[in-house]
Amino acid sequence: MDQYDYSRPSQIQYTEKLLLDYRYMESKGIKPRFGFGFGLSYTTFGYSGLKISTSGSGITVVVTIKNTGAVPGTEIPQLYLGFPANAGEPPKILRGFDEVFLQPGGSSSVTFSLNQRDLRLVPD
């Protein structure tokens, strides 16, 4: 029989605070063996045409991705924001990602829309 007292919530101390997963590795200068999305294809991709525009409600980031390899494949473009070192935040914070399937030679534009909440150091 389980002897745990479920009427008393346990307290867990998270000493790593915001430095979880990729944030921890980035803060310690550790290069991961496999990046986010690694292994989804047997092809290569190129990025070009990065455009950043602002509006009253936020920022839009657009990039073109091209399958530069010889076989169809899936790419996972990611958008990270970096904050000043004195902000007390991890060096990079993931703010968006997408999944794009492309035939050889094919390309696609990917759009990331960031609102004011996305641009804050600590989101609500």
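Here are the numbers for this structure:
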{"quantity": "Cβ-defined net charge surrounding Ser113, 14 Å radius [Lys, Arg +1; Asp, Glu -1]", "calculated": "+1"}
{"quantity": "The chain: relative contact order in percent, alpha carbon pairs under 8 Å with at least 6 residues between", "calculated": "24 percent"}
{"quantity": "HN-Hα J in Hz across the range 77-91 - Karplus 6.51, -1.76, 1.60, θ = phi - 60°, x for Gly and Pro", "calculated": "x, 10, 10, 10, 10, x, 10, x, 4, 6, 6, x, 9, x, x"}
{"quantity": "Low-density loop cleavage sites - trypsin sites (Lys or Arg not before Pro) in the range 1-35, where at most 13 other Cβ are within 10 Å (DSSP)", "calculated": "Lys17, Lys28, Arg33"}
{"quantity": "Three-way shape call for the range 1-108 based on the alpha-carbon gyration tensor, with the a/c threshold at 1.5", "calculated": "prolate"}
{"quantity": "Förster-model FRET efficiency, 30 Å R0, Ser108 and Thr54, C-beta, rounded to 0.05", "calculated": "0.80"}
{"quantity": "HN-Hα J in Hz across the range 62-72 - Karplus 6.51, -1.76, 1.60, θ = phi - 60°, x for Gly and Pro", "calculated": "10, 9, 9, 10, 10, 7, 8, x, 9, 10, x"}
{"quantity": "Highest-fluctuation residue, Tyr80, Tyr47, Tyr14 considered, GNM on the chain with Cα pairs under 10 Å", "calculated": "Tyr14"}
{"quantity": "5 angstrom amide H check on Phe97, placed H, neighbours 5+ away", "calculated": "Leu79"}
{"quantity": "The range 33-104, relative contact order in percent, only Cα pairs under 8 angstrom and at least six apart counted", "calculated": "29 percent"}
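Taken together, the values in this text are just the output of simple stated rules run on the coordinates, not laboratory data. Please read all numbers here as calculations on a predicted model, not as lab measurements. In this analysis, Cβ positions are derived from the backbone assuming ideal geometry, glycine residues included, and neighbour counts consider all displayed protein chains.
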